[in-house]
1. Which count do you get for residues in region 29-49 that are in contact with a strand residue (DSSP E or B) (Cβ under 8 Å, 6 or more places away or on another chain) and either more than 28 Å from Ile173 (Cα to Cα) or modelled with pLDDT of 90 or more (or both)?
2. Working only within region 126-177, note down all residues that are touching a Phe, Trp or Tyr at 6+ places or on another chain (Cβ under 6 Å), aliphatic (A, V, I, L, M) and closer than 20 Å to Ala67 by Cβ.
3. Scan region 104-115 residue by residue and report those that are free of Cβ contacts under 8 Å to residues at least 40 places away in the same chain, surrounded by 21 or more Cβ atoms within 10 Å (Cβ to Cβ) and out of contact with any Pro (no Cβ under 9 Å at 6 or more places or on another chain).
4. Given the condition assigned to a strand (DSSP E or B), buried (at least 16 other Cβ atoms within 10 Å of the Cβ) and of a type outside the set (S, T, N, Q), answer yes or no: does some residue in region 63-70 qualify?
5. It is to be established whether one or more residues within region 164-183 are in a loop (DSSP other than H, G, I, E, B) and modelled with pLDDT of 90 or more.
6. If you go through region 109-134, how many residues are out of contact with any Asp or Glu (no Cβ under 7 Å at 6 or more places or on another chain) and of a type in the set (Phe, Trp, Tyr)?
7. Going by the conditions given, is Ser127 more than 26 Å from Ala63 (Cβ to Cβ), surrounded by fewer than 18 Cβ atoms within 10 Å (Cβ to Cβ) and at pLDDT 95 or above?
8. Read through the list (1) over 16 Å from Thr68 (Cα atoms); (2) free of Cβ contacts under 8 Å to residues at least 60 places away in the same chain; (3) over 13 Å from the mean Cα position of the chain (by Cα); (4) surrounded by 13 or more Cβ atoms within 10 Å (Cβ to Cβ), then give the number of the only condition that Thr118 fails.
Amino acid sequence: MSAGEVLLGHQRTGSGAINAFTVRAWDGDLASSEPVQASVNVAAIPYTVASYPYAAIDLVPGAPGVATIVDGVDDGAASIPLGTNTFNFYGISYTGANALYVSSNALITFGSANSAFTNTDLSTSPSQASIAPLWDDWLTTGTNDCVLYTLDDTNGDGTPERLIIEWNQIRNIGSSSTGDATFQVILQFEHRHTGRRNPP
């Protein structure tokens, strides 16, 4: 990993090799207002990176269709029940009650939970297929901080097209700042009506 590069996801292959995709900021600061350049390093499956217009999607605790999945913990993790919805990640489809896990430390893992608070370069850890949006030592032990999710039906046909996960007002243990952070991951489901897979 070089400066200004953030590894967002990985999947181990049968040989133990890791396929990965990265996003690189212009100046190494992903919080910058500058545009973000994207680079892809995937050995087996052709993933692409694209920019999308900003959408104001804010999950509110207790709102209709919004569930709290992790709250009141330090280094906790829980599974999000996908039901019959399926998410395809590096050619593997995940579905059901115990397929996708989220942690208070902003790590998503597939197949089993991982609540580790120390992030890595993903070369040896975590052992699970994972997506690490802002993997660090975060807390959800305050008043409003929690991890939320919703199964979002974007076209009103009664079938969710995507899963939105939000780390809401969480606090970083090692930060000198007294502020909090809110961020999201949006995962597109496989489309059951046409058999079309989610875009990579």
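1. Here the count works out to 12.
2. Val147, Ile165, Ile170
3. Residue satisfying the conditions is Asn105 alone.
4. Quick first cut of region 63-70, residues assigned to a strand (DSSP E or B) only: 67-70.
From what's left, buried (at least 16 other Cβ atoms within 10 Å of the Cβ): 68-70.
From what's left, of a type outside the set (S, T, N, Q): 69-70.
Checked against the condition, which is being assigned to a strand (DSSP E or B), buried (at least 16 other Cβ atoms within 10 Å of the Cβ) and of a type outside the set (S, T, N, Q), region 63-70 yields at least one hit.
5. Of all residues in region 164-183, those in a loop (DSSP other than H, G, I, E, B) come to 173-180.
With modelled with pLDDT of 90 or more added as a condition, the list becomes none.
The answer is no, given that none of the residues of region 164-183 is in a loop (DSSP other than H, G, I, E, B) and modelled with pLDDT of 90 or more.
6. 1
7. Numbers: more than 26 Å from Ala63 (Cβ to Cβ): yes; surrounded by fewer than 18 Cβ atoms within 10 Å (Cβ to Cβ): yes; at pLDDT 95 or above: no.
Criteria not met by Ser127.
8. (4)
The values are calculated or read from the model by the stated rules, or taken from the named source; none is laboratory data. In this text, all values refer to a predicted model and were calculated from it rather than measured experimentally. Virtual Cβ from ideal backbone geometry, glycine too; neighbours counted across all protein chains shown.
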